[in-house]
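So the structure is just underneath, and the comments pick up after that.
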Amino acid sequence: MSYFAFLAEHGPTLLLGTVTTIKVLVCSAILYVIISMIFGLMRLSKKSAIQGIATVYIEFFRGTSLLVQLFWVYYVLPFFGLSLEAFVAGVVALGLNFGAYGAEIVRAGILAVPKGQWEAAHALNFSPTKRIKRIIIPQIFPIILPPAANLTVELLKATALVALVTVVDLTFEAKQINSITWLSAQCFGTALLIYYIMARFALVPFLRWLEVVAARKVGR
Amino acid sequence: MEMGFRWDFAYEILPQMLWATLNTIIAAGVGYAIALVVGLFFLLGQRTPSKIVNVINRELVEFIRSTPLLIQLFFVYFVLPQFGIKLSAWLCGMITIGLHFGTYLSEVYRGALEGVSKTQWEACRALNFSTVYTYRRIVLPQAFPIAIPGMGNYLVGIFKDTPLLSTIGVAELFHAATAVGGYNYRYLEPYTMVGIIFLTLSIPAAMWVRNLEKRVNVAQGKIKQ
């Protein structure tokens, strides 16, 4: 069977899987960005209880393996009466795991905003909420976007794991086709290529564009 | 089925889990050792004068870095036998982890070498030191401390990625937990214990890396004690 015949027969299936992979990526990216904002701010809270919660969350999710967290959410939570659909479980586990890494990026970004900005906002009598929302947050984007871009590429790679909790994504389809045809080189090779193309020619250019926009917004 | 955490069951499977933990540690250690060496080869490819080698090296590193480790594992495990190379799951896992993280480590090495000031090279040139001598006595001793945090982080990173090896049948901790869970129809205790074991190993490891970083900086005179 030539490679083109393989693509003609199994290409559409792989593309369907790719669509699911993109869905997982988009949902978990949104979730992880929200989580990292919340916990990144909590980590800098002056109240030790709030700071403690954030620290425990971050250390816990960074200290254990994503695969373990994923299986825990999918197979163990039902023991506590909380059954999640595979897709939701995958997105939640990815979001929680990457949110922990993202929170540290957000924390570092906030700390990197020059102190004069805080003092100026204080001097102008801005409320704490307004200070964070209007002065600090807009300025952290050019700082946090480069590391966040790396993290997002890692997220795309990590979405492959959701196949192991039966989400029918690209990896799942590749495995499925492999077990039917045993054309391992073709199906895993194609899957690798698709991931590579998504990362190199779609995700990375998009994130670079975001970096440029963010830098322009603060006048750089 | 009984709800809640069953301590007696957890206690019963504890020895099994601890033995499997040993396999996880071995896998992480061997994978890391291979990655350290592979990283050197990628670094060499990056620094050779040949433009073609540079480009091929860069694209290869880029490819490996932007594709999932899981599929790379499948690729090595299922494809190599088709070319007549029969390797055990362990060996496949170690090779794949070594290759995957070798690309990351080559970046750590590169950053460390670039972190050494250019004037150091020029001074060695002026003193007529050979290239080997310059690397051995001047550049590497200064580059190594810069590389330590990155190197340490990827050791912890490899450790946390070892559960992926269970998908090709390497009998490490996660594999054992899945087996025990499937046998007893209880996943709560095994998977929770895997999480706890990972935490108890990786948090001290991360702290140790941070401590090492600080000690190296003190020894280098960058921070005063």
What is the number of the single condition among (1) surrounded by fewer than 17 Cβ atoms within 10 Å (Cβ to Cβ); (2) over 18 Å from B:Thr103 (Cα atoms) that A:Leu193 does not meet? (2)
Being under 16 Å from A:Leu31 (Cα atoms), away from every other protein chain (no Cβ under 11 Å) and crowded, with 18+ Cβ neighbours inside 10 Å, is that true of even one residue in the stretch A:105-124? yes
Could you please find all residues in the stretch A:192-213 being out of contact with any Lys or Arg (no Cβ under 9 Å at 6 or more places or on another chain) and in contact (Cβ under 8 Å) with a residue 24 or more places away in the chain? A:Ile194, A:Met198, A:Leu203, A:Val204, A:Leu207, A:Arg208, A:Leu210, A:Glu211
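Looking at B:Phe42, B:Phe5, B:Phe101, which is the one that is in contact with a helix residue (DSSP H, G or I) (Cβ under 9 Å, 6 or more places away or on another chain) and farther than 20 Å from B:Ala147 by Cβ? Walk me through how you get there before you give the answer.
Details: B:Phe42 fails: farther than 20 Å from B:Ala147 by Cβ; B:Phe101 fails: farther than 20 Å from B:Ala147 by Cβ.
The unique qualifying residue is B:Phe5.
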Of the residues A:Glu85, A:Glu9, which is under 27 Å from A:Gly189 (Cβ atoms) and more than 14 Å from chain B (Cβ to nearest Cβ)? A:Glu9
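Just checking: which of the helices (runs of 4 or more DSSP H) contained wholly in the stretch A:1-74 hold 1 or more residues that are acidic (Asp, Glu) and surrounded by fewer than 20 Cβ atoms within 10 Å (Cβ to Cβ)? Reasoning before the result, please.
On the way: elements: A:3-43, A:48-63, A:66-71.
The qualifying helices (runs of 4 or more DSSP H) are A:3-43, A:48-63.
Tell me, which helices (runs of 4 or more DSSP H) lie completely within the stretch B:102-200 with 1 or more residues that are out of contact with any Pro (no Cβ under 6 Å at 6 or more places or on another chain), of a type in the set (Gly, Ala, Ser) and within 30 Å of B:Pro68 (Cβ to Cβ)? Talk me through it step by step, then tell me what you get.
Values: elements: B:118-126, B:140-161, B:173-184.
Correct list: B:140-161, B:173-184.
In the list A:Thr55, A:Thr64, which residue meets the criterion of being within 13 Å of chain B (Cβ to nearest Cβ), free of Cβ contacts under 8 Å to residues at least 40 places away in the same chain, closer than 20 Å to A:Glu154 by Cα and over 15 Å from the mean Cα position of the chain (by Cα)?
Numbers: A:Thr55 fails: closer than 20 Å to A:Glu154 by Cα.
One residue alone meets the criteria, A:Thr64.
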How many residues are of a type outside the set (Phe, Trp, Tyr), within 14 Å of chain B (Cβ to nearest Cβ) and not in a helix (DSSP H, G or I) when one looks only at the stretch A:165-220? 4
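Which residues, counting only those in the stretch B:172-192, are touching a residue at least 12 places away in the same chain (Cβ under 8 Å) and more than 10 Å from chain A (Cβ to nearest Cβ)? Don't jump to the end; show me each part of the working.
Looking only at the stretch B:172-192, we keep the residues that are touching a residue at least 12 places away in the same chain (Cβ under 8 Å), and these are B:172-178, B:180, B:184-186, B:188-192.
Those that are touching a residue at least 12 places away in the same chain (Cβ under 8 Å) and more than 10 Å from chain A (Cβ to nearest Cβ): B:Glu172, B:His175, B:Ala176, B:Val180, B:Asn184, B:Tyr185.
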Residues B:Asn153, B:Asn217: which one is of a type in the set (S, T, N, Q), surrounded by 14 or more Cβ atoms within 10 Å (Cβ to Cβ), more than 9 Å from chain A (Cβ to nearest Cβ) and closer than 19 Å to B:Ala28 by Cβ? B:Asn153
Exactly one of B:Thr24, B:Thr67 is out of contact with any Gly (no Cβ under 7 Å at 6 or more places or on another chain), over 24 Å from B:Val139 (Cα atoms), free of Cβ contacts under 8 Å to residues at least 40 places away in the same chain and surrounded by 21 or more Cβ atoms within 10 Å (Cβ to Cβ), and that residue is B:Thr67
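The numbers here are math on the coordinates, done by the rules we state, and not lab data. On a predicted model such as this, the values are computed, not experimentally measured, just so you know. Virtual Cβ from ideal backbone geometry, glycine too; neighbours counted across all protein chains shown.
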